[in-house]
Amino acid sequence: MAGAKPKSKAKGDAGTSGGRNTSLDLETSTLRETNQLLQTAKAGEFLVRNPRGTHALAAGLDGDIDVTIDGHVGYYCGGMNKGARITINGNAGTGVAENMMSGRCHVKGDASQSAGATGVGGLLVIDGNASARLGISLRGLDIVVKGSIGHMAAFMAQAGNIVVLGDAGDALGDSIYEARLFVRGKVASLGSDCIAKDMRDEHRVVLRQLLDAAGIGPEVKVDDFKRYGSARKLYSFHIDNLGSY
Amino acid sequence: MCGIVGLFLKDKKLQPQLGRLTAAMLHEMRGRGPDSAGFAVYNAAEAGTSKICAVTSVASFDWATVADRLQKATGVEVKVRVLEDHAVFKTRGDGEAARKWMIDTVPEATVLSQGQSVEIYKGMGDPDVIATRLQLSGLTGTHAIGHTRMATESAVTIAGSHPFSTGRDTCLVHNGSLSNHNRLRETLKRHGERFQTENDTEVAAAYLSWRMRSGDTLKGALEHALEDLDGFYTFVVGTEHGFAVLRDPVACKPAVMAETDEWVGFGSEFRALAALPGIDKARIWEPAPATVYAWGRN
């Protein structure tokens with residue numbers, strides 16, 4: 001598919017030297033050419049047009065760059081991102097910002113399943129809804145979802161924060177370790193070993209910082225959220241369970 | 001894996017383009033299912049007539065003789081059109097007797113569909129080659145469903161390719177695998193359903209046919225399926241006037257839908273929908289788990 005397309009016709013200064021306002025078009029460039037250019041760029045702003053649901057777009061970025069993607073993307077967009085600020089003017093398929101290390105990823109539409117899965121650091125903001133398995137095995141990434149999220153979010157999440165302005169689906173935080181979950185709406189059900197917890201001042205500070213970072217104003221109040229986290233009965237060593245180990 | 005596409009046209013002006021649009025969607029899902037592919041196209045024939053689609057793996061098969069024998073057996077006029085390894089028989093009435101006769105007496109043929117509207121075509125190999133060989137782009141109609149297969153539950157054969165049809169004008173494509181199909185097949189056999197393969201999806205198709213024969217609407221049949229089918233599934237179902245989507249409660253298998261005033265589209269991935277006319281203004285969403293989405297026309 002992509003291999004049959006003609007060579008890249010990127011406009012502007014680009015490549016390892018960095019570029020300003022580089023425009024890329026997947027109608028005229030291959031996915032591989034586009035990704036190679038983005039992956040080797042160390043500075044600059046990039047606009048990618050006509051993504052048309054392409055997979056693995058802007059994955060593996062490793063530079064202090066701004067990438068705007070104009071349209072809907074396929075699987076794993078922004079995966080493994082290290083340092084780049086990625087904006088998707090559309091919906092994202094499975095695994096957006098999967099295993100993100102640092103930087104920022106902003107989905108202006110909805111995200112499909114496994115958004116931010118295994119993420120290590122940085123911030124993922126989803127303006128719409130996210131479907132199942134958001135932030136599974138989260139390891140330090142912060143996620144803010146302005147809409148609602150599907151089932152099995154934060155499954156085995158170890159570190160990081162998930163903020164949801166809408167509702168959460170079934171089995172939220174199943175087998176969770178030490179990630180923090182803040183949900184403003186209803187939670188359909190909590191997963192195994194996930195419980196509602198008191199919101200202390202230190203949590204209010206963290207939550208406010210996350211809302212600010214996601215561009216959410218004071219009209220959204222931290223006291224409207226509930227905090228959820230691990231009951232610490234499933235994963236920690238407990239002498240009474242010795243026979244089960 | 002497997003790829004699914006579906007297109008239900010609301011705007012009559014698009015009907016001449018149905019096959020071309022479906023072929024473009026199927027092309028995008030080629031990588032999800034390189035083993036085999038198939039498609040169902042709904043295009044209503046004259047009232048009181050039926051079409052029966054069949055395929056054979058026998059080279060230069062004598063379909064004309066089958067048509068003659070079928071005419072003698074049923075006592076009504078039968079016409080046949082042959083396209084590659086497929087044949088479409090046209091006859092009067094609901095075609096039920098013709099379907100049964102062909103399953104029972106023509107072991108060289110696999111019956112793919114029966115109904116006033118539906119025509120099903122399928123084959124093994126590259127989905128693009130199949131679509132070209134079976135002239136999908138030239139087909140017109142009201143709605144279409146397509147499938148690219150990466151086999152997991154049964155052999156790669158023409159008969160094991162999707163869509164599956166076990167009832168008049170009803171067909172089903174499936175991404176996933178069912179775990180209770182063997183027992184359910186036996187139950188459905190006792191209710192009189194006929195099976196031509198060992199495939200799990202054929203069981204799901206027969207289940208829906210049985211529910212609808214028992215009085216369920218398409219939506220009702222799918223709601224019952226949530227209780228009785230065990231396993232992973234994203235289904236797209238076509239009926240004479242309708243089109244429906246259902247995902248299992250875990251929603252393992254991907255699905256994206258889009259709707260405009262002109263059409264409703266389904267794809268395993270967004271890229272299957274990306275070339276549809278007016279996609280930029282479409283409402284796009286991911287169907288929720290265990291929720292029936294259905295469209296119909298009167």
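What separates the Cα centres of segment B:81-115 and segment B:25-53 is a distance of 16 Å.
Descending by average beta-carbon neighbour count within 10 Å, the peptides A:106-114, A:42-50, B:57-65 line up as A:106-114, A:42-50, B:57-65, the highest first. Sequence-ordered 3J(HN,Hα) estimates for segment B:31-38 from the Karplus curve with 6.51, -1.76 and 1.60 and θ = phi - 60° stand at x, 7, x, x, 6, 6, 7, x Hz, glycine and proline given as x.
For chain B, the Kirkwood estimate of the hydrodynamic radius, built from every pair of different alpha carbons, is 18.8 Å.
Ellipsoid semi-axes for segment A:75-223, based on the Cα gyration tensor and the rule √(5λ), read 20, 17, 14 Å when sorted largest first.
Amide H to amide H distances under 5 Å link A:Leu47 with A:Thr22, A:Ser23, A:Leu24, A:Thr68, where only residues 5 or more positions off or on other chains count and H is placed in the peptide plane. In the full protein context, chain B carries 39 Å² of accessible surface per residue, based on a 1.4 Å probe and ignoring ligands, DNA and RNA. The residues neighbouring B:Arg30, those whose beta-carbon lies less than 9 Å from its own, together hold a net charge of -2 under the Lys/Arg +1, Asp/Glu -1 convention.
Using the alpha carbons alone, the radius of gyration of segment B:105-263 stands to its Kirkwood radius in an Rg to Rh ratio of 0.94.
The Cβ shell under 14 Å around B:Ser60 holds other residues with a net charge of -4, Lys and Arg each +1, Asp and Glu each -1. Split the accessible area of segment B:98-219 by element, probe 1.4 Å, and carbon with sulfur accounts for 50%.
Of all DSSP bridge pairs formed entirely within chain A, close to 15 percent run antiparallel.
Pull out a ≥ b ≥ c, the square roots of the eigenvalues of the alpha-carbon gyration tensor of segment B:208-277, then state rounded if a/c is under 1.5, prolate if not and a/b is larger than b/c, and oblate in the remaining case. Cα axes put segment B:208-277 in the oblate bin. Please give the helix A:31-40 orientation as an angle from the longest Cα principal axis of chain A, in degrees from 0 to 90, rounded to the nearest 10. Compared with the principal axis, the helix lies near 80 degrees. Each principal axis of the Cα atoms in segment B:45-116 has its own extent, and those three values, largest first, are 33, 21, 16 angstrom. With no solvent and one point per C-alpha, what does the Debye sum give as log10 I(q)/I(0) for segment A:140-241 at q = 0.11, 0.16, 0.17 Å⁻¹? For segment A:140-241 at q = 0.11, 0.16, 0.17 Å⁻¹, log10 I(q)/I(0) is -0.30, -0.62, -0.70.
Between segment A:25-81 and segment B:223-298, the alpha-carbon centres lie 28 Å apart. Largest first, the three principal axis extents of the alpha carbons in segment A:27-136 are 33, 27, 19 Å in whole numbers. Taking the Cβ of A:Asp110 as the center, what net charge do the other residues with Cβ under 13 Å away carry, scoring Lys and Arg +1 and Asp and Glu -1? Summing Lys/Arg as +1 and Asp/Glu as -1 gives +1. Quick one: which of A:Lys221/B:Lys281; B:Lys79/B:Lys219; A:Lys108/B:Lys13; A:Lys82/A:Lys197; B:Lys51/B:Lys219 span more than 30 angstrom between C-alpha atoms? Long pairs (Cα-Cα over 30 Å): A:Lys221/B:Lys281; B:Lys79/B:Lys219; A:Lys108/B:Lys13; A:Lys82/A:Lys197. For segment A:23-30, the Karplus equation 6.51 cos²θ - 1.76 cosθ + 1.60, evaluated at θ = phi - 60°, returns couplings of 10, 10, 9, 6, 6, 10, 10, 7 Hz by residue, with Gly and Pro reported as x. Rounded to the nearest 10 degrees, the angle from helix A:201-213 to the longest Cα principal axis of chain A is 20 degrees.
The per residue volume of the convex hull around the alpha-carbon atoms of the protein assembly as shown is 170 Å³.
The values are calculated or read from the model by the stated rules, or taken from the named source; none is laboratory data. Predicted model only: the values in this text are computed from it and were never measured. With ideal geometry, Cβ positions are generated from the backbone for all residues, glycine too; neighbour counts draw on all protein chains shown. Please note that ligands, DNA and RNA were not included when accessible areas were found on the heavy atoms of the full protein model with its side chains. Shrake-Rupley method; radii C 1.70, N 1.55, O 1.52, S 1.80 Å.
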